[in-house]
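*Asks:* Below is a structure I'd like to ask you about.
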Amino acid sequence: MAEAQDDEVRERLKAALWYAVGKIVDEESLARNRNATPQFIGALTDMVWHQIGTVATDLESFSRHAGRSTITTDDVLLLARRNQDLYSVIKDTVDKEKAAKAKGK
C-alpha cells in the first residue's frame, strides 16, 4: 500500500515538473521565436528529474558526512562549488538572508 502511494506521489511530482518545464520552454520559445516539440519537453523533464535525484542524494550525503540530519546552506554551497557563477549567486543570497536576520534581531 505504501509503495502504491509512493508511486502515485512520484507520478504527481513528475507531472508537476513536466508542467513547469513546459511553461518555461513555452515562454523561452516565444521570446526567441522558436518551436519546441513535446518530445523535447519530455526529454528535458526527464533530465531535470534525474538531476534533482542526484542533487538530493549528494545533499543528503554531505549532511550525513557532517553528522547532521538536516541539510543546510553549507551543503548547498558545497554542492555548487564547481560552478562559480551558481556558487556566487547562492552565496550572495545566503549572505543577504543572514544579514537580514541579524538586522532583525
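The values are calculated or read from the model by the stated rules, or taken from the named source; none is laboratory data. Remember, it's a predicted structure, so these values are computed and weren't measured experimentally. Glycine gets a Cβ as well: all are built from the backbone with ideal geometry, and neighbour counts include every protein chain shown. For accessibility, only protein heavy atoms count, side chains too; no ligands or nucleic acids. Shrake-Rupley method; radii C 1.70, N 1.55, O 1.52, S 1.80 Å.
*Asks:* Would you work out which of THR37, LEU78, THR57 lies farthest towards the positive end of the dipole of the chain? Charges go on Cβ: Lys and Arg +1, Asp and Glu -1.
*Replies:* With unit charges placed on the Cβ atoms, the residue in question is LEU78.
*Asks:* Going by accessible area, probe 1.4 Å, with all protein chains left in place, what is the ranking of LYS14, LYS98, LYS103, largest first?
*Replies:* Result of the area sort, largest leading: LYS103, LYS98, LYS14.
*Asks:* Calculate for the chain the 222 nm mean residue ellipticity that helices alone would give, adding -39,500 (n - 2.57) per DSSP H run of length 4 or more and normalising by residue count, nearest 500 deg cm²/dmol.
*Replies:* Taken over the chain, the calculation gives -29000 deg cm²/dmol.
*Asks:* Let me ask something additional. Translational diffusion coefficient of the chain at 25 °C, 0.890 mPa s, Stokes-Einstein with Kirkwood Rh over Cα pairs, in µm²/s as a whole number.
*Replies:* 146
*Asks:* With a 1.4 Å probe and all protein chains left in place, how much of the accessible area of the stretch 1-55 comes from carbon and sulfur atoms, in whole percent?
*Replies:* Exposed carbon and sulfur together represent 58 percent of the surface.
*Asks:* Accessible area per residue of the chain at 1.4 Å probe, in Å²?
*Replies:* Solvent-accessible surface per residue comes out at 83 Å².
*Asks:* Give the average over all directions of the projected area of the C-alpha convex hull of the stretch 48-105, one decimal, in nm².
*Replies:* That works out to 4.9 nm², a quarter of the Cα hull's surface.
*Asks:* Sticking with this structure for a sec: For Cα pairs less than 8 Å apart in space and 6+ apart in sequence, what is the mean separation divided by the residue count of the chain, i.e. the relative contact order in percent?
*Replies:* 15 percent.
*Asks:* Given points 7 Å out from each Cα along the Cα-Cβ axis, report the GLU97 to HIS65 separation in nanometres with one decimal.
*Replies:* Here the modelled spin labels are 2.1 nm apart.
*Asks:* Under a straight-distance cross-link criterion of Cα-Cα below 20 Å, which aspartates and glutamates are reachable from LYS23, leaving out those fewer than 8 residues away in the same chain?
*Replies:* GLU11, ASP46
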